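Structure first, then comments.
Just so it is clear, none of the values below were taken in a lab; they were calculated from the coordinates. Nothing here was measured: the structure is a model prediction, and the numbers come from that model. Note that we place each Cβ from the backbone using ideal geometry, even for glycine, and neighbour counts take in every protein chain shown.
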Amino acid sequence: MEFPDGELSLLIVDNDEIQNINRDYLKRDKPTNVISFAMQEGEGGGVQPQLLGDVVISAERAAEDAQEAAIPFEHELVFLLLHGILHLLGYDHERGTAEQAAEMEEKEREIFALLRQEVLSEQGYR
């Protein structure tokens with residue numbers, strides 16, 4: 001699935017808000033780090049092909065995860081955005097096969113390495 005030009009919305013929230021969204025829309029009453037809502041799936045999918053969907057990130061959880069992994073907060077935030085975008089493009093590590101999960105993880109590593117090299121390092125985030 002390709003989207004040469006696409007739009008998405010990004011919402012950065014705290015743990016309480018992402019838990020509310022997770023509970024209300026996905027029936028999982030707990031905070032998480034990132035949630036994606038694809039606009040190209042289900043009924044009405046494809047009505048606006050440029051609109052990929054929504055990515056919601058908990059900055060609070062991202063900061064906790066970054067500290068635990070001893071990595072810069074900015075790296076974790078960018079990684080979560082990348083993860084969310086890949087979900088919008090049809091990649092799935094939860095509902096798919098082990099092979100599909102591995103494919104998504106490989107794509108994450110590949111793109112994040114490029115971003116880290118090209119963008120994050122230019123901004124002083126190594």
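Ignoring the sites themselves, the chain has its longest run without GluC sites (Glu not before Pro) in a DSSP loop having at most 13 other Cβ atoms within 10 Å at 44-93. Rounded if a/c is under 1.5, else prolate if a/b is larger than b/c, else oblate: which is the chain, with a ≥ b ≥ c the root eigenvalues of its Cα gyration tensor? Judged from the Cα gyration tensor, the chain comes out oblate (a/c at least 1.5, b/c at or above a/b).
With n ≥ 4 as the cut-off for DSSP H runs, can you work out [θ] at 222 nm for the chain, using -39500 (n - 2.57) per run divided by the number of residues, rounded to the nearest 500?
-14500 deg cm²/dmol
Give me the net charge for the shell around Lys30: Cβ to Cβ below 12 angstrom, other residues only, Lys and Arg +1, Asp and Glu -1.
Within the 12 Å Cβ shell, the charges total +2.
Taken about its Cα centre, the chain carries a charge dipole of about 140 debye when Lys and Arg each add +1 at the Cβ and Asp and Glu each add -1 at the Cβ.
Within the chain, DSSP assigns beta bridges of which about 40% are antiparallel (rounded to the nearest 5).
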